[in-house]
1. Please state the equivalent ellipsoid semi-axes for the range 125-255: what are the square roots of 5 times the Cα gyration tensor eigenvalues, largest first, in whole Å?
2. Suppose a student asked you for the relative contact order of the range 34-182, using Cα pairs under 8 Å spaced at least 6 residues apart; what percent would you report?
3. Report, to one decimal in Å, the Kirkwood hydrodynamic radius for the chain based on all distinct Cα pairs.
4. What does the extension gain come out to for residue 73 and residue 16, with contour length at 0.36 nm per residue minus their alpha carbon separation?
5. Once fully extended, how much extra length lies between residue 80 and residue 63, figured as 0.36 nm per residue of separation less the alpha-carbon to alpha-carbon distance?
6. Plugging the Kirkwood radius over Cα pairs into Stokes-Einstein for the range 141-188, at a temperature of 37 °C and a viscosity of 0.692 mPa s, what D comes out in µm²/s?
7. In terms of the ratio Rg/(2.2 N^0.38 Å) built on C-alpha atoms, what value belongs to the range 65-187?
8. Can you give me the accessible area per residue for the range 99-195, using a 1.4 Å probe, in Å²?
Amino acid sequence: MDKIVYKNVSKSFDDLIVLDDFSLNIEKGDSVVIIGGSGTGKSVSLKCLLGLLTPDNGSIKVDEQETVGISSEYRNKINANIGMLFQNGALFDSMTVIENVCFGLKSGKGISDRKSRKIGIECLNKVGLDKSILDKYPSDLSGGMRKRVALARAIATNPEIILFDEPTTGLDPITASTIDNLIVDTVRKMGVTTITVTHDLASVRRIADRVALLYKGKIEWIGTVQEMDETDNPFVKQFINGSSKGPIHWARGNK
């Protein structure tokens, strides 16, 4: 059963076409990774799903329900079941770790301070963090710890869908591998559906059930990691080999 369905989605900014007839089906419990160069529309596809951007054309359905053009009330209900790990963590600088993790529980679900704190601590434990950092601020943490806190916040509301925007950007290889393993372990235990956008092939190989290559606003290819390594598709071969020669010519644009 499809959890998320993008169909013929288009999005432009002035004369710049970012998504162009973008279509992608994501099954329940699937981990799909969208790869592509900077400025190819990867992050825009997530923002359209969240309602942060409105497509110019096309349809985005969650659980067979249309989300494009819906009321703010219905949008809030949809987004209450979506967790998000932003590229740089996007933690609130003025809030402590536990306040960050509990933010969605209190503001989105109206859960009491005491109960949300208990859930927050449990989620921090799931990502390998203990009570010693509860009252610290994001500025007190390393990049890897901030990513862990952001992951704890993303899972705290027990979402059905989690979106990851470049989850390993700016991390050293060992920390990046640790974050990827945490993502895989956590989301599989929860049984959630995930979309990750990245250009980190090591990360792709660790977390993807299926990989979709986005180029010029369209999905040029989709398949498993093994199929990605074995395909003769010229777009995929050029991307994974990091070659400047081939059909791909990255253009500047919006993510």
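The values are calculated or read from the model by the stated rules, or taken from the named source; none is laboratory data. If you're wondering where the values come from, they're calculated on a predicted model, not measured in any experiment. As a convention, Cβ positions derive from the backbone with ideal geometry for all residues, glycine included, and neighbour counts pool all protein chains shown. The protein model used for the area step is the full one, side chains on, heavy atoms only, and it has no ligands, DNA or RNA in it. Shrake-Rupley method; radii C 1.70, N 1.55, O 1.52, S 1.80 Å.
1. Output for the range 125-255: semi-axes of 31, 16, 13 Å.
2. This gives 28 percent for the range 34-182.
3. 18.8 Å
4. 17.4 nm
5. Between residue 80 and residue 63, full extension yields 4.7 nm more.
6. Value of D from the Cα-based Kirkwood radius: 297 µm²/s.
7. Ratio of Rg to 2.2 N^0.38 Å for the range 65-187: 1.05.
8. 47 Å²
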